[in-house]
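To start, the structure under review is shown below, and the notes come after it.
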Amino acid sequence: MIRPDLDITLLRCFLTVLDAGGFARAASLLGRTQPAVSQQIRRLEDLLGHRLIQRASPGRSQPPQPTAAGERLAEQARRLIALHDGLVADMLGLEELPATLRLGVHQHASDEILGRLVAEVARLRPGTGLDLRITHNAQLAAEVGAGELDLALQLAVVADGAAGTAGREGALPIAINWRGDCKTAGAAALPLVAFRPPCIFRQAAIMALGRAGRRWRLVHEATDARSLAAALSAGLGVAAVPDVGRYDDIPPASAALGLPPLPGAVLHPLAAPGLGADLVAALAGVAAGR
């Protein structure tokens, strides 16, 4: 009898069905259709001559359970795939990805990209856990430096504006706009709403007003996006905020205020030493909308 060669792809599919708790969920994680996943499981069963997964009874919905042969295969398949992936990583000069990827995203970029990032991690590394942290730049940098995050996506102000950031590697351009309303115009001090420091948007607003020689006074110091939006909605003043969707209900500042132009911002990756460069590049590309 000629022994068959096992396809790693079939083994990955088999384990994903078990780990995901169903064929439909596994299909979503693998980027395939449900019939294609079912066909791969049948191919693996035909190769090995054993039923590997117990099918649910008609009319009943339950997670797929391995047969006795499936249990034996699952245990050994995990070791085989770990050896395979370690070999490929070693030959390509890549570091192995941790079992759980600790990913940090700036709080003002999360609305734009978080869904795409989660989907891309599932596609690139099926079965990899994802530990997400959404916070500000300083905290993200500190946690990467302390080894508490594997990858962080930070926001930084770009002096030449958002238009010059589109071609930068791993860069997602994000516009910064003046929003809010106030009755003050002309020479009177502009009522400014801003986040507590450190904050790149606060800094961008103050620097732009300073360059324009515009007087300002701080009327509200926000601790989070909700309190800042509430202050703007109440008409306390104006603020420099990123164009990321959560401030869409706040009207743009009136042109009559004569506010100076603001710089742009860019989202960029900060990776811990040893994290696979292929994954960093892929996630940076997703963040940049590629």
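The values are calculated or read from the model by the stated rules, or taken from the named source; none is laboratory data. In this text the structure is predicted, and so the values were computed from the model without any measurement. Heavy atoms of the whole protein, side chains included, go into the accessibility calculation; ligands, DNA and RNA do not. Shrake-Rupley method; radii C 1.70, N 1.55, O 1.52, S 1.80 Å.
Things worth noting here:
- Intensity falloff of the range 196-246 expressed as log10 I(q)/I(0), Debye formula with alpha-carbon point scatterers, at q = 0.24, 0.29, 0.32 Å⁻¹: -1.04, -1.34, -1.43
- When the residues GLU71, GLU45 are ordered by accessible surface, computed with a 1.4 Å probe over the protein chains alone, the sequence from largest down reads GLU71, GLU45.
- Comparing Cα centroids, the range 1-53 and the range 190-250 end up 53 angstrom apart.
- VAL158 accessible area, 1.4 Å probe, all protein chains in place, Å² to nearest 10: 10 Å²
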